[in-house]
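K.L.:
Here you go, one structure.
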Amino acid sequence: MYKCLGLIASLYHFVLSSIRTFIIPTSILLFIMSISSSHAIELKGTERKAPELKKSEQAIWSSEVIDIERVTPTLYLVRSYQDIQLNEDEPAVKMGANSFIYIDDHDAYLIDTPWNVSDMPDLMSWLQMKGLTLKGALVTHYHADSAAGLGYLDKAGFATYASDMTNTLLEKEDKPVANHTFLSRNFEFVKGRIETFFPGAGHSMDNLVVWLPGEKILIGGCFLKSNHSNHLGWTGDADLENWYHAASRVNAKYPDVKLAFPGHGKGVKGAVIIEHTMAITKEFASLK
C-alpha cells in the first residue's frame, strides 16, 4: 500500500517537472508575438501596393475607363463605358459594353474593341502587364461599341478582322475599317478555338455571333439581349422582322451552349439569353 502511494507521488513530481521544462516564459512569448505581428502588417501593406491585385488572383482589374474580369482561364471580359441618353426627357445613364480577350498560351485575341478609342491604351497596358502578345482582333458588327478601336489597332500594326459587310458599312460612315475581311457565313478566326457565325440580320445588317467550341461559350455581341432587358435598345439599324428568325438559327446551331454573353450586361449559363432574345423579338417577326 505504502509502496504504491510512494510510486504515485514520484510520478506526480516527475510530470510537474516535465511540464515546467516546456513552459515558455511570458516575456519571451510576447516578444515572439510582436515580431510576428509586425511582419504580418508589413506583408499586408505590400499586397495593397500591387496595382494588379484588385482582387485575389487578379480576378478583376480596373482602370479609370475599363474593367477586366476573368471568366475562365482562357477568357477575359472587358467592360467599357459611355453615358447614353435613352429618352429625351431623362438624364443620360452610364452603360457598359462587353469585349473579350481570348488567351492561348502567351497569345491574345481581342473579340470586339472597347467602346471608345481612348480606352485602347489601358487595354494595351493590361496585355503588356500580363505578358501577352496581341495576335489579332475581330469585330462582330460596325457600331462603335464593337469597332471603335479598329483605327487605333491598325495604326499600331495589329491584324484586325471583320466581315466584308461590316467593312462596307464602316466605309459608308467614313470610319476606320479592318485590314482583313472574310465573306463566308462561318469564319474560323483561330483554328479550333474561335469561330464566327452570321445568323442573318437582327440588331444590325452585319451582326455576327462568336463561338468558342472548347469552352462552349457563345459571345452574342449586340445581337443577343441581356435577360434583364425587356427592350431592344437602339434599333435604328435593325431588321426587326428578321431578328427573331436569326435568333432561332443561333438557338438551333448551339444547343449545348454552357455560357452566353450579350453585348451589354452579364453572361448567363445555358441558352437563357438566346431564348430571351427570341421572346422579345417575336412580336416583330415576319411570317418567313
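K.L.:
Rounded to a whole number, what % of the accessible area of the range 148-229 do carbon and sulfur atoms account for, probe 1.4 Å?
P.N.:
Carbon and sulfur atoms account for 50 percent of the accessible area of the range 148-229.
K.L.:
Checking the table 130/225; 225/253; 191/225; 216/253; 135/191 against a 20 Å threshold on Cα-Cα, which pairs fail?
P.N.:
130/225; 191/225
K.L.:
Kindly state, to the nearest 0.05, the FRET efficiency for residue 258 paired with residue 106, given R0 = 30 Å and r defined as their beta-carbon distance.
P.N.:
That gives a FRET efficiency of 0.70.
K.L.:
Need one number: nm distance between label points at residue 60 and residue 84, each 7 Å from Cα along Cα→Cβ, rounded to one decimal.
P.N.:
Simple spin-label model gives 2.1 nm for this pair.
K.L.:
Which distance in nm do the two modelled labels at residue 135 and residue 154 give, with both placed 7 Å along the Cα-to-Cβ direction?
P.N.:
2.4 nm
K.L.:
Evaluate the distance, in nm, between pseudo-label points positioned 7 Å from the Cα of residue 124 and of residue 93 along their respective Cα→Cβ axes.
P.N.:
In this crude spin-label approximation the distance works out to 3.4 nm.
K.L.:
Calculate the FRET efficiency for residue 171 and residue 117 from the Cβ-Cβ distance with a Förster distance of 25 Å, rounded to the nearest 0.05.
P.N.:
0.90
K.L.:
When you count, for each residue, the other Cβ atoms within 10 Å and take the mean per peptide, how do 216-229, 174-187 rank with the highest first?
P.N.:
Result, highest mean first: 216-229, 174-187.
K.L.:
Rolling a 1.4 Å sphere over the protein heavy atoms, what is the accessible area per residue of the range 81-240, to the nearest Å²?
P.N.:
It amounts to 45 Å² per residue over the range 81-240.
The values are calculated or read from the model by the stated rules, or taken from the named source; none is laboratory data. Worth saying up front: this structure is predicted, and the values here are computed from it rather than measured. Every residue, glycine among them, receives a Cβ derived from its backbone with ideal geometry; neighbour counts consider all protein chains shown. Note: accessible area is taken over every heavy atom of the protein model, side chains too, but ligands, DNA and RNA are not part of it. Shrake-Rupley method; radii C 1.70, N 1.55, O 1.52, S 1.80 Å.
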